[in-house]
């Protein structure tokens, strides 16, 4: 299988070819490895690849994604015998002793995991530029960020290395790379996918597992395969009435009532190219029969209180993770092992008191209830995924050395003001690459959010939008299917 043929198929399509005997898993894997060889030097999205000869080979057709090459993020999932380093020198060389619950399900889905993707240190940024692995570049414009913290996953999928890749999302870490790289990405409901057994309380329920993909159906099929609680999981989500893969092919049964929030809660203004993109998206939705209008959406708390609660939750969790890694590795917690912003977050988190932490959890719950009331009136909420086009590499970290732990979280919420609320509330949200910026050609992600357990409705709308305004034919400057790989 030539790489130029490989990139023409999504994950479901590749699995169908394998099941029909038209191509072998080995041939598909060889094309994926060749794609890594050709494009990764330009984008730096893949930390490492490994031989899969010792892995069980799924029989063609034995699982929905049997034989499809796959990459996992260097964080949030453990694969027995493989390194999980969290993009950090502190965790360098750490090898997982057993599969996590998610890894078990990825194997059952038939995916052939052959490598891991880059992440900022401890997933603690919305751009992937770690000191450990260097910057990950956006395939649409290598001078720009691929986003974060699942930036390696986003760049790898956008460049054609794999059709779908593992991603996580605690503050937008899945939706931001989806928006930056012109991909589809859905953050599931809290508890939809088990994060156990070692990551049960990722940022106290703010962190979830998911994927980024070039087609909606790939994300739907994969979510069907990895959904479901494990015994003892601290969170759970309601079972969907039917597989998500079926929802993608079923347009909404009635016109949807969709509220629009163009300007963010925190005051950062949406830039002109993104405001234009949301206007074009509204017109598309209206042409499909949906009722769309500006909405007033309250968080239930003031913005400053919201950011402070996030800072306390995130840095306290970070401090606990850093201390555990330092104890396990025997390494010091200093600038030889951690980046300045991570050290600052660690120091801030160590000072968060028990009562402050409990108060932050109460803010989380107030936000969840406030957004739940919004979804009593509206079916969905539309916002830009981000208020601006993909930032240049190096831009996000300017002046970061002078920030304390709170200042860094304040910057995160300021630069990505639309995404965090749905992690706090635990509700599903997706970034859809409906439009691109006509001047630069860069993708612009549109975020749609639903009420708790509302992934099915999101998939229905995403499938409808994909049909009405296809994006899979748009390919970036760095693309594995270009003439040099044919």
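Readers should treat all values here as calculations from the given coordinates under stated rules, not as data from a laboratory. Bear in mind that the values here come from a model prediction, so they are computed numbers and not experimental data. Note: ideal-geometry Cβ built from the backbone for every residue, glycine included; neighbour counts use all protein chains shown.
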Self-check item: Added length on full extension, which subtracts the Cα-Cα distance from 0.36 nm per residue, residue 361 to residue 246
Solution: 37.8 nm
Quiz prompt | P(r) weight above 24 Å for the stretch 103-213, C-alpha pairs, percent | solution = 19
Exercise. Order these peptides, 166-178, 346-358, by their mean beta-carbon neighbour count within 10 angstrom, highest first.
Key: 166-178, 346-358
Quiz item: Plugging the Kirkwood radius over Cα pairs into Stokes-Einstein for the stretch 83-127, at a temperature of 20 °C and a viscosity of 1.002 mPa s, what D comes out in µm²/s?
Solution: 177
Quiz item: Any idea how far apart residue 253 and residue 236 come out in nm if each label point goes 7 Å out from Cα toward Cβ?
Solution: 2.5
Self-check item: 222 nm mean residue ellipticity, helices alone, for the chain (DSSP H n ≥ 4; -39,500 (n - 2.57); rounded to 500)
Solution: -11500 deg cm²/dmol
Quiz item: So what is the relative contact order for the chain, in percent, with contacts set as C-alpha pairs under 8 Å and at least six apart?
Solution: 19
